[in-house]
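Have a look at the structure below, then the notes.
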Amino acid sequence: MRRLVITADDLGRDAATTAEIVALAREGLITATTVIAVAPASAQAAEQITTAQVATRVHLTLTSETSETSESGVAAWRPLADVPSLVEADGSLTTDPYRLGGRGETEDVRTELEAQLAWARAQGLRVTAADSHAGALYGLHGRSWLEPALRWCARHGLGFRLPRQLTPYLGGPAPEPLRSAHAAAVTLADELGVPIPQTMITNNRTASDWGTYAAFRAGMLARVATLGEGTSELFLHPSPVSQIRSWEARLLRDPALRETIRSEGITLVAGW
C-alpha cells in the first residue's frame, strides 16, 4: 500500500497563511496541518481550523524567522514558557538556529515543548503528532534534541516527523555523521513506539531556482510518483506571502497533483 499525508505547514504564522491553509482544508485538498503555537495569531487560527476535517499537529517552534525566510515581515516570536537559554536579551526566540544549537539547554527545550502542546490542547485541538519548525530539534545546527523529542512524543502518545528513509527527502545518500544519527533515531522511535512516516518530500528550492511554475510542478509530481510503499508525507508551506509559497498553494489545487495520486494508486490519509 502506498499512502500519503498532505500537510500544510505554518498555520497561525500570519493572517494570509492561515486563510490559505483554512481554505485548502475546507476544499478537501490537504489532510493535515501544523500550528505554530508561539505565533500571535495562532489562537484565531486554531479556532478556524477546528471546523475543517483535517488532522492537526503542533509545529514545535524554538526559533523566530530570519529576514530571509520572513517574507511578510513576521515579528520575532516569544516562547510560551520561562526558558532563558532559548531567548535573546529582549525575550524573543533567536533567529539564528546555530545560536540556539550552541546554547539551548535540554530542560528548557522540554519545558517549551510541554507549553506548546498544552496550549494546542487548550484550544480544543486534537493533536496527533509533532514536528520541528525549521528543523531546530534535529541537530542540523549544533546540539541535537532528537532523543528527548522522541521520548517526549512517546510520553504523550504522539507521532513525529522523522522519515524512516532519508534519501528521498535529501535527493541522495545522507553524509556522515547525519546517516548514523538518523539511523539511531529511527531505531529509538521504533523502540519507543513513536509512529514516523516512511519518507517525506517537500520543496527546498526558491522560485528563481525553479524558473517557472511548470518546472516546479513537474519536479514535485515526479517525486510524488516515485514514492514507495508505506505512509509518506508531502509537506508544503502554502501562502500568498511569496512567489514560491504561492506556487505551493497552486500545486495543492492543481488537478495534475490529484491525477498523479490517482494514477499511481496512492491513498490519501490523515497521519502515519
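Bear in mind that the values in this text are calculations on the coordinates, not laboratory data. In this text, all values refer to a predicted model and were calculated from it rather than measured experimentally. Cβ atoms come from the backbone with ideal geometry, glycine included; neighbour counts cover every protein chain shown.
Data table
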quantity: Relative contact order, percent, the range 7-196 [alpha-carbon distance under 8 Å, six or more residues apart]; calculated: 17
quantity: Burial ranking of peptide ranges 89-95, 133-139, 115-121 (average Cβ count within 10 Å, highest at the top); calculated: 133-139, 115-121, 89-95
quantity: Dmax and Rg, reported as Rg then Dmax, of the range 161-238 (C-alpha, Å); calculated: 14.2, 44
quantity: DSSP-defined beta bridges in the chain - what % are antiparallel, rounded to 5; calculated: 5
quantity: Stretch in the chain that is longest and holds no GluC sites (Glu not before Pro) that DSSP places in a loop and that have at most 11 other beta carbons within 10 Å; calculated: 69-228
quantity: Helical contribution to [θ] at 222 nm, DSSP H n ≥ 4, -39,500 (n - 2.57), averaged over the chain, rounded to 500; calculated: -12000 deg cm²/dmol
quantity: By average C-beta atoms within 10 angstrom, highest first, the peptides 165-173, 145-153; calculated: 145-153, 165-173
quantity: Using a Förster distance of 30 Å, the FRET efficiency for Ser263-Thr167 (Cβ separation, nearest 0.05); calculated: 0.80
quantity: Cα extents of the range 7-196 along the three principal axes, largest first (Å); calculated: 41, 40, 32
quantity: Two-site FRET efficiency, Thr187 against Thr226, from Cβ-Cβ distance with R₀ of 25 Å, rounded to 0.05; calculated: 0.50
quantity: Thr212 versus Ser180: modelled label distance in nm, points set 7 Å from Cα along the beta carbon direction; calculated: 4.6
